[in-house]
Every structure is written in C-alpha cells, then in structure tokens.
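Following: one structure in structure tokens, then a few remarks.
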Amino acid sequence: MKLRALFSACIAGASLLGFAQTHVEGIEYYNADQFNNARELLTRNMNNSGTDKAMSNFYLGQISLLEKDINKAKSYFEAGIAANPENAYNYVGLGQILLPTDPKAAQAQFKLAEKYGKKDAALQVAIARAYYDVDPVTYEKEITKRLAKAQSTDLNEPAIYIFEGDRARDVKNWGEAAGQYEMAINFDPQTPAAYVKYANMYKMVNPAYTIMKLQELLQKNPSSALGQRELANAYYQQDKYKEAAEAYGKYVNNPNHFKQDEDRYALLLFSDGDYQKGYDYASGLLASDSKNFTAQRFQFMNAAQIKEMESQLLPMAEALWNAHKANSANKFAPIDYTLIADEFNRAKRPEEAIAVLQEGITEIPEQKSLIKDLALVYYDMNDNMKALDLLKKYASEVSNLNYSDAFLLANIAYVASFDAPDAAAKSDLLKTAASYAEKAAELNPKSYRPVKRQGDIAGIAAGGGAAGNAAKLPLYIKAAEMIEQNGETPSASDAQDIYVTIGEYYRTQGNNAAAKDAFSKYLKVQPGDANIQKIVNSL
C-alpha cells in the first residue's frame, strides 16, 4: 500500500473514532525527529486494532538503526516482513543494513521493495533516505535518482519536500529548509511532521508565528497528539502558562499522550493557581494508579492551598512522606519538604518537621529557603538562638537578602536578646537586630515596620523605662508619619506601641491635643480598649 494512502486512511479513521491508537501516531513523532516518543507509541500501540504491524516494525527498525543497533533493527524488519510480506518498506530497511558492506545485496532488497510498492513516491523517498543515512556524499547520484523517480511518480508527495527540507536543515540552510517544509504543507495540509518542523524553524526568531502554524495544524488535523503536544510546549516555552495549561488539558485527554506530560499539566495547574482543578486532576490519576507518586505529590500540593481541606492535610503529608521514604526513586522538590514539614510542625511534631527539612537541605543544598524553613521551626519551639544561627547561615549563602528576610532576622535577633545569658550577649544580639532592621528599612523605605522595630531595639538598648521610652520615641514618631504618608494599616500591637507611647509623651508634656490625636489613631485600630478610651474622654 502506498504510504501516503496509508496515512490518509488512518487519519480518516482517527477522525471518525475521535482518537486512534495505532501506528500512525508513532510515525508522526518519528517524522518529527522525536524518536524516543515515536518508539514509545509504536510499542504501546503495536497490538491495537487498526495498527499496521509491518509499518510499526519498519519504524522501530529505523530507530534502532539510528542507535547503531543493527541486530535489533534487522529483527524488527524481519518481524515486519513476517507480519506482511507485501509491505515494501521493511525491504528498504534490510537494504539499508546491507548497503555499507554489500551494495549489490542492498540494491536487490530495494528492487524487492519496488516490486511491492509500484508507483509509490514515498517509497522512493524512503530508499533515498536509506542512501542518505549511510553516506550522503558517496550515494549522491542514487539519492538524486530516487528523488527524481519520486517526483515523476507523484510530484505532490509531501515526503519529497520533508526530505529535501531535512537535507537543507542538515547543512544549516534554514531558509531552504523552511521553504521545503512549507511545500510539504501545501501538498498535504494534514501532515503533522511538516507543520512541526516548519513551526520549529521560527521558534527562536518568531515564536508567535510558531504558535500560529501549530494552531493551523490542529485546525486541519485536530486529533494529532503531536500537534497538541507541540502547541502546549510552545506556550510553555514562551511562559504563557495559562494557555499552556489549557492546551495540555486537551492534550492529556488524547490517549497518545505521555506520562511526563501529565506531570507537566499538573504542575501548570498548580502554578496557575487553579488548585481545585489541579487537586481533582491529580486525584483522578491516583484513582487509576494508586502508586503514581507524582500525582500524589500534586494532590497534596494543591490540597495545601485549599482552605476547606485543612483537616485532611496531615494524613496526606504522612502518606506522601512514607511513600518518599519507601522508594529512593520517589524524589521530592523543595516545595514538598516545605509543605510536609509545615504540616508536622502545625501538628506539634517539630522533631519530624526538623527531620524532613534536614533531609531537604542535604538533598537539595542549592535551595537555601529550606534553611529558613528550618529556622522557623526552631523559632516556633522558642529556640531563638538556634533559629537565629540558621537564619544568619541562610543570609550568608543567598546572593541578595530581600526585605522580608532582613526583617525576619531583625525580629528574631530582637526576641533572642530577651533570653541572652549576660549583658554582653544581649548587646551583641541587639546590635545584630539593629543592623538587620536598618537593612530592611533600606530595602523597603515605605514600610513603617522596620523603623518601628528600630525603635523597639533602641528602647531595650537604653535599658527600658523612661530612658527606653525617650530612645524609642523619635523612631516611633517617624513610623507614625510613615503610616500616614503611605496608607499602611498597622497591626493592633504595633498601633498600641506606637500611638500609646506617643500619646503618653504628649500627655506628660501637657499637649493634650497631640495626645488625644495619637490615642484616637490607636482606637481606630483597636476600638475596644476601654482604658485608652477613658484617657481620651478625659483630655
């Protein structure tokens, strides 16, 4: 049967059935130079209804030739002949094996192929490719002759132009290659490989055009798994994650998708914030395969973002951790360590949280955020010095400390100073806190919070009491001004510290109007404070 006619028949069948699972899908990937994917589909679909086993074996043999596994290739070609002795293509494969050592025997195989593939232009291209793959220079005349024969048989055969495009691409003649692939599309608008190769020519220089051509392919051949996957990948590579998620969502419903693409779709749903859909999708994968570790990871990952699932998170975290520990192949990403440790810590099981994070730090040392996560577990245990030591280690290993990290360091050093064993240690901790508070203020000059913390530190350093209030007052006043200027809403505790301290200062100075203004600002944040309300009423 002519290869082109074979493609047409199978595409028509795919259109009628929705998504076929035959040799055609694997051949699409082979012709697009995606050989591992081709092998998986050809092998997976070998025994399905509608599969031409002779053609499947031919392409599996071609993949083995590319891998220099001659014996395996020969066994595939022989299996193809056994499946259908009148299929011409496996004789081409045997001829290609013989060509380097016995050209006459190879030519005999090619003649046998022609016997079963008369007036098949694609067969002539397959023979030309056999010569080309063995030695394009030595067999230039044979290649030219076979192409001429293909053109005289059927000038509209797309395989001619795909081969010419590949030859041009091999010598980096990109313009010629693109032109040849476009010719193949013109002669057969349903040929996925030509579209994919043509689209990929523009991937770096005009990615929008790549997407447009792949969309065009799917308009002509909507069931092409290759086209669906390439479009989804094109969106992903251009950071168009929402569109990529939508495209992957369609593609993973095609039975010819790959498991790794399920993983990427799950990742995209999570990254796009579609947590319920991501949870449902991962749960569906687990329902069909309870040992799908990636699905288990994404089920938990999404569940951790859904408030209504909070009560279910701990057993999910335990199950995921156990699955990870039971099989060394079940690898974690940093987020897995973080989320599982968080659940153990919330369950008042800090030792287990520490063990999780320590493993993460060992396994993924470049992920410095895990050090910070570990520090916060110790902080929750009131081991402030251990937390501070870890945070200082974290700060020394990251390239750029951000505002929230600097502010966290300032806060923990400040709190740790309360438990300092002696005056010298306390002084050192307050200096550390002041340094990081100053850094935080530089990194976020519009936030009152690091300025307020600077005031707290100054008050403790001055010994507290009246001297402490005097030391913190100018910084509290500055923080209050920043709140007004930048429209921040302070926390209740910050509002109390800032406005009550300022109010008491003005009250002792006899400036009742300023005192009342400060106290009133505090009451806006904490209206239920009866004691302050009494003071305001008395002014």
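Among the conditions (1) out of contact with any Asp or Glu (no Cβ under 7 Å at 6 or more places or on another chain); (2) at pLDDT 95 or above; (3) surrounded by 16 or more Cβ atoms within 10 Å (Cβ to Cβ); (4) not basic (Lys, Arg), the only one that Leu214 does not satisfy is (1). From the residues in region 82-98 that are hydrophobic (A, V, I, L, M, F, W, C) and in contact with a Phe, Trp or Tyr (Cβ under 7 Å, 6 or more places away or on another chain), which one is farthest from Ile162 (Cα to Cα)? Among them, the one singled out is Leu94.
Could you check region 171-219 and list, in sequence order, the residues that are part of a helix (DSSP H, G or I) and polar (S, T, N, Q)? Correct list: Gln180, Asn186, Asn200, Thr210, Gln215, Gln219. The residue of region 396-417 that is surrounded by the fewest Cβ atoms within 10 Å (Cβ to Cβ), among those that are at pLDDT below 95 and either of a type in the set (A, V, I, L, M, F, W, C) or within 20 Å of Lys452 (Cα to Cα) (or both), is Val398.
The residue list Arg146, Arg167 contains one member that is farther than 21 Å from Leu231 by Cα, of a type in the set (D, E, K, R) and in contact with a Pro (Cβ under 8 Å, 6 or more places away or on another chain), which is Arg167. Considering (1) in a helix (DSSP H, G or I); (2) more than 44 Å from the chain's Cα centre (by Cα), the lone condition that Thr432 does not fulfil carries the number (2). Can you pull out the residues in region 270-293 that are farther than 26 Å from Asn327 by Cα and either modelled with pLDDT of 90 or more or among the hydroxyl-bearing types (Ser, Thr, Tyr) (or both)? Result: Ser271, Gly273, Asp274, Tyr275, Gln276, Lys277. Within region 338-372, the set of residues being under 22 Å from Asn302 (Cβ atoms) and outside any helix (DSSP H, G or I) comprises Ala347, Ile364, Gln367. Among the residues of region 220-268, what is the count of those that are more than 16 Å from the chain's Cα centre (by Cα), assigned to a helix (DSSP H, G or I) and of a type in the set (Ser, Thr, Tyr)? Counting residues in region 220-268 that are more than 16 Å from the chain's Cα centre (by Cα), assigned to a helix (DSSP H, G or I) and of a type in the set (Ser, Thr, Tyr) gives 1.
For every residue, the table says whether it meets (1) modelled with pLDDT under 95; (2) of a type in the set (D, E, K, R); (3) buried (at least 24 other Cβ atoms within 10 Å of the Cβ); (4) over 22 Å from Ser64 (Cβ atoms).
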| site | (1), (2), (3), (4) |
| --- | --- |
| Lys118 | yes, yes, no, yes |
| Ser152 | no, no, no, yes |
| Ala159 | no, no, yes, no |
| Asp170 | no, yes, no, no |
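For region 509-539, residues that are in a loop (DSSP other than H, G, I, E, B) and closer than 17 Å to Thr489 by Cβ total 4.
Condition check ((1) under 25 Å from the mean Cα position of the chain (by Cα); (2) under 18 Å from Asp263 (Cβ atoms); (3) buried (at least 17 other Cβ atoms within 10 Å of the Cβ)) across all residues:
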site	(1), (2), (3)
Ala317	yes, no, yes
Ala323	yes, yes, no
Ser328	yes, no, no
Phe332	yes, yes, yes
Asp336	yes, yes, yes
Asp342	yes, no, yes
Gln358	yes, no, no
Thr362	yes, no, no
Glu366	yes, no, no
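Looking at this structure, is Ala122 surrounded by 15 or more Cβ atoms within 10 Å (Cβ to Cβ), in a helix (DSSP H, G or I), in contact (Cβ under 8 Å) with a residue 40 or more places away in the chain and under 43 Å from the mean Cα position of the chain (by Cα)? Judged against the criteria, Ala122 is a match.
The values are calculated or read from the model by the stated rules, or taken from the named source; none is laboratory data. Since the structure is predicted, the reported quantities are computational estimates derived from the model, not experimental observations. Cβ coordinates were reconstructed from backbone atoms using ideal geometry, including for glycine residues, and neighbour counts include every protein chain displayed.
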